[in-house]
Amino acid sequence: MRIQRFYVPNSLDNFNHLIIDDQDNTAIAVDPFNAQLTQEQASAAGCRIVAIVLTHSHKDHWQGTPELVAALNVPVLAGHQHFGYQGAFEPLSEGDQITLLSQPIHVRETPGHMNDHIVLTLDTDLGHALICADTLFNAGVGNVRAGSVEALYQSITRLNEELAETTLVYPAHDYLCHNLGFTLKFEPNNTHAAELLDEQTAKSATERKVTNLALERQINTFLRLDNAVIRENLQKLGYNVDSNQAVFSALRSERDQW
C-alpha cells in the first residue's frame, strides 16, 4: 500500500491523495477536487480507482466527485454526518474499517474543523500514515469557522496522544511555509521551524516535505501548548494561558488573523 499525494493548482492550494494497492493496482481517491486530474494521476500510477472517500463537507473536498462517479461508476464513502456531496454514499463512523484494498484503512471521527470530519489511518510501504485533510496541517491545524475550537482541540489532542511519532502526515493543503511563519511569530527561537522554512521556501508544492508526528511536535505550535515562550507571547497579547485548551484556542484565534 502506498499513498500518492498530488498538488491541485488552485487558490486553495489543495493536495489530493490516492491510496494505491500495488498487489492488484487498485486505488481509493480521497477528496477529489478535479475529476480529470485525479484520473490522470491514477493512469500515470498504473492503477484503477475503485472507490472515493470524502473527509468532510467543504466543497473543495468533494467537488470532483459527481464527475468521477459518472465516469467510473464507483462507490462513495463519507462520514455518516456528511451533508456536502448530494449523491448516494456509504456512511462511515468511528472505528469503521474500509476493506476495499488488501489492507484495512481505519476511520476516526475528528470533529472541529467541521462536525462531520473524518480522517484515515493506514499502514503503507513507508510506515503508518494519517490522511488528515483539514484537521491537522503541516505546522498547523484547521480553522473552525464552520466548527468548534473545543472539538478541534479534543480531536488534535487525541491524534497526538494515540498515534506514533513515526506516523506520516498527509494534510489536504500546502500550508507548510505559511504555518512555519506563524510558528516563528510565537516561538522565534524555534530552530527546527526556522531551518525547515529556509529549506522548504525554495521548493514547489509538488516537492513539499512529507512530515511525521515527531517533526510536527517540534514545529507545530498547536502540538507545543506547554511551551513557555509560546505562552509568554500569548499572555503579552492578553490571552488566558492557564490550560492547554486555552492556549490552543488563543493560537487558533491568532492564526485566523495571520
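Quick notes on this one:
- When T99 is tested against (1) crowded, with 18+ Cβ neighbours inside 10 Å; (2) free of Cβ contacts under 8 Å to residues at least 12 places away in the same chain; (3) closer than 15 Å to A29 by Cα, only condition (1) is not met.
- Some residue of the range 121-135 being without any contact (Cβ under 8 Å) to a residue 24 or more places away in the chain and of a type in the set (A, V, I, L, M, F, W, C): no
- Here Q245 passes the criteria (1) of a type outside the set (D, E, K, R); (2) free of Cβ contacts under 8 Å to residues at least 40 places away in the same chain; (3) within 29 Å of A129 (Cβ to Cβ); (4) surrounded by fewer than 17 Cβ atoms within 10 Å (Cβ to Cβ) except the one numbered (2).
- Residues located in the range 83-92, provided they are touching a residue at least 24 places away in the same chain (Cβ under 8 Å) and not hydrophobic (A, V, I, L, M, F, W, C): G84, Y85
- Of all residues making up the range 173-196, the number that are within 17 Å of G112 (Cβ to Cβ) and touching a helix residue (DSSP H, G or I) at 6+ places or on another chain (Cβ under 7 Å): 0
- Candidate set from the range 80-133 (those that are assigned to a strand (DSSP E or B) and hydroxyl-bearing (S, T, Y)); member that is nearest to the chain's Cα centre (by Cα): T121
Table: residues versus (1) polar (S, T, N, Q); (2) over 27 Å from T167 (Cα atoms); (3) under 19 Å from the mean Cα position of the chain (by Cα).
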position: E216; (1), (2), (3): no, no, yes
position: I230; (1), (2), (3): no, no, no
position: L234; (1), (2), (3): no, yes, no
position: D242; (1), (2), (3): no, yes, no
position: L251; (1), (2), (3): no, no, yes
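- Filtered by the rule that a residue be closer than 21 Å to Q97 by Cα and either without any contact (Cβ under 8 Å) to a residue 40 or more places away in the chain or polar (S, T, N, Q) (or both), the range 66-82 gives V74, P75, V76, L77, G79, H80, Q81, H82.
- In the range 172-186, residue farthest from A228 (Cα to Cα) [restricted to those that are in a helix (DSSP H, G or I) and of a type in the set (A, V, I, L, M)]: L176
- Criterion: out of contact with any Phe, Trp or Tyr (no Cβ under 9 Å at 6 or more places or on another chain), under 15 Å from N138 (Cβ atoms), surrounded by fewer than 14 Cβ atoms within 10 Å (Cβ to Cβ) and not charged (D, E, K, R) - qualifying residue of T211, T166, T191, T201: T201
- Looking across A88, A151, one residue alone is of a type in the set (A, V, I, L, M), touching a Pro at 6+ places or on another chain (Cβ under 6 Å) and surrounded by fewer than 21 Cβ atoms within 10 Å (Cβ to Cβ). It is A151.
- Residues (part of a helix (DSSP H, G or I) and either modelled with pLDDT under 95 or not small (G, A, S) (or both)) located in the range 187-207: T191, H192, E195, L196, L197, D198, E199, Q200, T201, T206, E207
- Exactly one residue among V229, V247, V210, V169 is in a loop (DSSP other than H, G, I, E, B) and modelled with pLDDT of 95 or more, and that residue is V210.
The values are calculated or read from the model by the stated rules, or taken from the named source; none is laboratory data. Since this is a predicted model, take the numbers as computed values, not measurements. Note: ideal-geometry Cβ built from the backbone for every residue, glycine included; neighbour counts use all protein chains shown.
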